[in-house]
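These notes are about the structure you will find just below.
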Amino acid sequence: MGPDRFVHDDAPYVLGMLSADERAAFEQHLSGCAECAARVAEIADLPGLLATVPPDEIDDEVPATLLPGLLRRAGVERRRRNWLTAGLAGEFDALRDEMLDVVRESGETAADAVRDALDQARTALRKAMDALGDVEK
Ligand SMILES: [Zn+2]
């Protein structure tokens, strides 16, 4: 057997970060690879993840029933965060347009200054959003 190309997929899998295709491929691999299955079972027990699972989904004797609950939770959280950051950027654009409209009425120079300031703020926002994305990687 050659090198295991799924060797780094355990954490992204448990955290719900694989694409649908990647997840399907990894799950198929899991059924035949005891090492990857063991790593997934290990990190599936992370206390932080466990804390998000309702008690009735926790079954110490059958980790296989626990994992789908964890993955579902992780997926929901990821979608919520993606939605949040996308919403934030949209809000910011709307705010910028609104402010520029107001400032334009008082002169182009002021409008330029405000546009520069807002562009800088937007860059900072982008960085913050990227940092948020990195936490998930
Ligand atoms: Zn493997």
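If we sort 6-14, 27-35 on the protection proxy, mean other Cβ atoms within 10 Å, highest first, what's the order?
Final packing ranking: 6-14, 27-35.
How much net charge surrounds P3 when only the other residues with a Cβ under 14 Å from the Cβ of P3 are counted, with Lys and Arg +1 and Asp and Glu -1?
Working: positive: R5; negative: D4, D9, E35.
Counting the neighbours of P3, the net charge comes to -2.
Count charges around H29 for me, please; just the other residues with Cβ under 11 Å from its Cβ, Lys/Arg as +1, Asp/Glu as -1. Before the final figure, lay out the partial values.
On the way: positive: R5, R23; negative: D4, D9, D10, E22, E27, E35.
In short, -4.
Every read-out reported here was derived from the displayed coordinates using simple, explicitly stated rules and does not represent laboratory data. Owing to the predicted nature of the structure, the values given are computational and were not obtained by experimental measurement. Glycine gets a Cβ as well: all are built from the backbone with ideal geometry, and neighbour counts include every protein chain shown.
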